[in-house]
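Q: Starting off with a structure, shown below.
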Amino acid sequence: MQPLIEWQAGTVTEIRPETPQTKSFTLALPKWTAHRPGQHYDVRLTAPDGYQTQRSYSIASAPEQVGELELTVERIPDGEVSPYLHDVLVPGDQLEVRGPIGGYFVWEVGLGGPLLLVAGGSGIVPLMAMLRHRAAQRATLPARLLYSSRVPDGVIYRSELVQLSDRDHALELFFTFTRQAPEGWTGYRRRIDEAMLTEVIRPFEERARVYVCGPTLLVETVANALVRMGLPTELIRTERFGPTGS
Ligand SMILES: Cc1cc2nc3c(=O)[nH]c(=O)nc-3n(C[C@H](O)[C@H](O)[C@H](O)COP(=O)(O)OP(=O)(O)OC[C@H]3O[C@@H](n4cnc5c(N)ncnc54)[C@H](O)[C@@H]3O)c2cc1C
């Protein structure tokens, strides 16, 4: 049986807007433990009348960022927890969290590559932890990121991703825009499909370790396409963020 993971109060040290809908929250944790990239924390809110609710948030930071935890949260307008984090929480506040949690959707340099990361929207968050960890370890194994966003200003971590890949020729980025592409854009402009996956994965043939994260529909479409393409299922890991059918 897994040991019980205790709740602890983290202190919010920084809140950074990433896109119009997402913010990153850095917390200093009194009982910090190194995580495996891809794991998540649970966040618990308690109302003055004692009512409690909790949600899971992937860890965005690399385990090399000792003592701190970074979470990136998309604001769901009619949501219970994400609007509180966006609209109410300020630096200096405390936030109850427990983690790190999860042992399936994880990748670390020791597992090797090549690495194919496929993200939709805020599904980039755990994949960013993997890329930050890969960079911190100065790993040179080939990695490709295919990242689907609706609109150009919805691309989370855009400048950091571009910087990482400018410094490292083994890391290649592929963006696709499903609603509106940047002006003059010559790349993909549609939802991720089998033809796109085939192009992106080609140099890796069937050896890639694949991590897919995002809304349920995107994850299921991508995972089914990868299986049809003949990728070994044991190398494909998926994580779903949104409600069924989204
Ligand atoms: C393992 C795991 C890791 C996660 N990591 C992240 C992360 O890194 N960043 C992040 O932003 N979210 C992440 N999520 C999603 C997160 O846990 C919440 O579900 C999300 O923040 C919505 O919570 P809420 O209380 O604001 O909305 P709720 O009150 O739960 O939902 C309100 C309404 O929004 C709908 N809804 C709920 N979630 C979504 C969604 N993701 N997209 C669209 N509609 C939705 C619901 O069906 C409902 O109609 C993760 C989920 C899991 C399971």
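Q: How large is ³J(HN,Hα) for each residue in the range 195-210, as worked out from phi by the Karplus curve 6.51 cos²θ - 1.76 cosθ + 1.60 (θ = phi - 60°), to whole Hz, x for Gly and Pro?
A: Listing the rounded values in order: 4, 5, 4, 4, 5, 6, 8, 3, x, 8, 6, 9, 9, 5, 8, 10 Hz.
Q: Another one. How about the range 115-219: which GluC sites (Glu not before Pro) there are in a DSSP loop, with at most 14 other Cβ atoms within 10 Å of their Cβ?
A: Working: sites: 160, 172, 183, 194, 199, 205, 206; in loops: 183, 205, 206.
Loop-located and lightly packed - 183, 205, 206.
Q: For the range 1-157, what class follows from the C-alpha gyration tensor (a ≥ b ≥ c being the square roots of its eigenvalues): rounded when a/c is under 1.5, otherwise prolate if a/b is larger than b/c, else oblate?
A: Numbers: a/c = 1.91, a/b = 1.30, b/c = 1.47.
Cα axes put the range 1-157 in the oblate bin.
Q: Would you work out which of 106, 174, 213 lies farthest towards the positive end of the dipole of the chain? Charges go on Cβ: Lys and Arg +1, Asp and Glu -1.
A: Result: 174.
Q: Moving on to the next point. In deg cm²/dmol, rounded to 500, what helix-only [θ] at 222 nm does the chain give when every DSSP H run of at least 4 residues adds -39500 (n - 2.57) and the total is split over its residues?
A: -6000 deg cm²/dmol
Q: Work through the residues other than residue 180 whose Cβ is under 14 Å from its Cβ and net out their charges, Lys, Arg +1 and Asp, Glu -1.
A: On the way: positive: 150, 179, 189, 190, 191; negative: 153, 183.
Neighbour charge sum, excluding residue 180 itself: +3.
Q: Let me know the charge dipole size of the range 8-101 about its Cα centre in debye, to the nearest 20, where only the beta-carbon of Lys, Arg (+1) and Asp, Glu (-1) is charged. Intermediate results must be reported in sequence, preceding the final value.
A: On the way: 8 positive and 13 negative charges, 51 e Å.
That gives the range 8-101 a dipole magnitude of about 240 debye.
Q: While we're on this one: Compare the Cα positions of 91, 77, 35 along the charge dipole of the range 1-92 (+1 at Cβ of Lys, Arg; -1 at Cβ of Asp, Glu; about the Cα centre) and return the one farthest towards the positive end.
A: Projecting each Cα onto the dipole axis, the largest value belongs to 35.
Q: Residue-wise, which Karplus ³J(HN,Hα) couplings in Hz belong to the range 20-32, taking 6.51 cos²θ - 1.76 cosθ + 1.60, θ = phi - 60°, and x for glycine or proline?
A: Listing the rounded values in order: x, 10, 10, 9, 9, 10, 9, 10, 8, 10, x, 10, 6 Hz.
Q: How about the range 50-125: which GluC sites (Glu not before Pro) there lie in a loop by DSSP and see at most 14 other Cβ atoms within 10 Å?
A: Values: sites: 64, 68, 70, 74, 80, 96, 108; in loops: 64, 80, 108.
Those satisfying the criteria are 64, 80.
Q: For residue 241, what residues show an amide H to amide H distance below 5 Å, using hydrogens built from the backbone and excluding near sequence neighbours?
A: Correct list: 214, 216.
Q: Got the relative contact order for the chain handy, in percent, Cα pairs under 8 Å and 6 or more residues apart?
A: Working: 500 pairs, mean separation 44.3, N = 246.
That works out to 18 percent.
Q: Given 0.36 nm per residue, what is the gain on full extension from residue 28 to residue 169 after removing their alpha carbon distance, in nm? Before the final figure, lay out each step's value.
A: Working: separation 141, 0.36 × 141 = 50.76 nm, distance 3.31 nm.
Between residue 28 and residue 169, full extension yields 47.4 nm more.
Q: So for the chain, taking the charge dipole from beta-carbon charges (+1 Lys/Arg, -1 Asp/Glu), which of 184, 232, 67 sits furthest toward the positive end?
A: 232
Q: Through the Karplus equation 6.51 cos²θ - 1.76 cosθ + 1.60, θ set to phi - 60°, convert the phi angles of the range 94-103 into ³J(HN,Hα) values in whole Hz; use x for Gly and Pro.
A: 9, 9, 7, 9, 9, x, x, 10, x, x
Taken together, the values in this text are just the output of simple stated rules run on the coordinates, not laboratory data. Nothing here was measured: the structure is a model prediction, and the numbers come from that model. Cβ atoms come from the backbone with ideal geometry, glycine included; neighbour counts cover every protein chain shown.
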